[in-house]
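Only the coordinates and a few stated rules stand behind these numbers; no lab work does. Keep in mind that this is a model prediction, so the values were computed, not measured. So basically every Cβ, Gly included, is an ideal-geometry build from the backbone, and we count neighbours across all protein chains shown.
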Amino acid sequence: MRRDRPGGRFHERHGDKRDDDRAARPRPAAGTRRRSGAKSPSPVDVAAQQSEGRAWFLSHYDVSRETMQRLDIYVRLLTEWQARFNLVAPSTIGDVWRRHVADAMSLEARLPKFSQVVDLGSGGGLPALVIAACRPDAAVDMVESSHKKAAFLAAAQREMGVTGRVHPIRIETAGARIARADIVTARALAPLADLLAMVAPHISRETRCFFAKGRSHEQEIDAATAHWRFTMLIHRSALEDDSVILELADLAARAD
């Protein structure tokens with residue numbers, strides 16, 4: 001469905017063959033969500049949830065043995081480091097396969113072939129390390145200003161055996177790294193208008209941006225089109241009704 005708005009050309013895409021092949025609209029199992037502020041689950045509960053989630057993941061996603069090995073390493077390291085400091089919301093670590101890995105796979109499935117991805121505000125490695133696990137022959141760089149989180153990302157890269165570098169710097173000073181990217185990604189980082197302001201000085205019109213957004217994406221799009229022109233595809237999430245992946249290109253500041 002095509003949607004025309006001031007400032008750019010918009011297309012809304014609800015799914016394509018590749019997405020259908022990977023997951024037939026899977027949803028988190030009942031009872032896996034926790035209320036905000038809920039007590040963190042015990043290690044035993046986490047292990048049990050993760051075992052169930054891994055079985056669910058294998059039943060919905062067709063990945064190679066090597067990719068699954070890399071994802072297993074990622075989940076193990078994420079769980080170990082999460083005990084030291086928060087990389088994801090504590091209440092979601094048990095449901096990591098559904099809430100985080102599968103969500104990142106939805107974005108990875110949209111990416112074309114690339115040589116270099118730069119992920120902004122990588123935090124706990126989502127979606128960057130999941131993309132790297134699925135595309136081991138391409139480079140996935142991560143920009144993360146927290147040195148503790150950057151140390152985790154570097155350790156995970158090494159143990160997973162994936163290609164790329166971790167840049168423990170602020171996004172505002174990462175222009176040279178962003179400029180080398182074929183694709184720029186971000187998940188739950190900043191409003192769309194702010195993201196575009198971060199990347200616009202450094203990317204070409206051909207660079208494609210993939211930004212994972214939640215229920216406020218319509219308002220963010222409206223705010224962004226007041227200052228930017230771009231083409232965009234809206235990919236509806238296979239996991240959450242209110243979530244989308246925004247695929248943008250031809251980015252330019254509005255002159256008027």
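Considering only the stretch 113-154, state which residues are surrounded by fewer than 24 Cβ atoms within 10 Å (Cβ to Cβ) and within 14 Å of R70 (Cβ to Cβ).
Across the stretch 113-154, the qualifying residues are C134, R135, P136, D137, A138.
Which residue pairs have Cβ atoms under 8 Å apart, sit 6 or more places apart or on different chains, and have a first residue in the stretch 239-256 that is touching a residue at least 12 places away in the same chain (Cβ under 8 Å) and on the phi > 0 side of the Ramachandran plot and a second that is of a type in the set (K, R) and surrounded by 12 or more Cβ atoms within 10 Å (Cβ to Cβ)?
Pairs found: D250/R229.
Return the pair list, or none, for Cβ contacts closer than 8 Å from residues in the stretch 124-151 that are on the phi > 0 side of the Ramachandran plot to residues that are outside any loop (DSSP other than H, G, I, E, B) and not aliphatic (A, V, I, L, M), at least 6 apart or on different chains.
G125/Y74; G125/F152
Which of the residues belonging to the stretch 168-217 are free of Cβ contacts under 8 Å to residues at least 40 places away in the same chain and among the hydrophobic types (A, V, I, L, M, F, W, C)?
Of everything in the stretch 168-217, those that are free of Cβ contacts under 8 Å to residues at least 40 places away in the same chain and among the hydrophobic types (A, V, I, L, M, F, W, C) turn out to be I169, A176, A179, A188, A193, A197, F211.
Residue pairs, Cβ under 8 Å, 6 or more apart or interchain, first in the stretch 89-112 and over 19 Å from I131 (Cβ atoms), second in a loop (DSSP other than H, G, I, E, B) and of a type in the set (A, V, I, L, M). List them.
Sorted first by the residue in the stretch 89-112, then by its partner, the pairs are S91/A38.
For the stretch 226-241: of the residues being over 15 Å from R187 (Cβ atoms) and either among the small types (G, A, S) or in contact with a helix residue (DSSP H, G or I) (Cβ under 9 Å, 6 or more places away or on another chain) (or both), which is surrounded by the most Cβ atoms within 10 Å (Cβ to Cβ)?
M232
Could you check the stretch 180-225 and list, in sequence order, the residues that are acidic (D, E) and farther than 20 Å from A109 by Cβ?
Matches in the stretch 180-225: D194, E206, E218, E220, D222.
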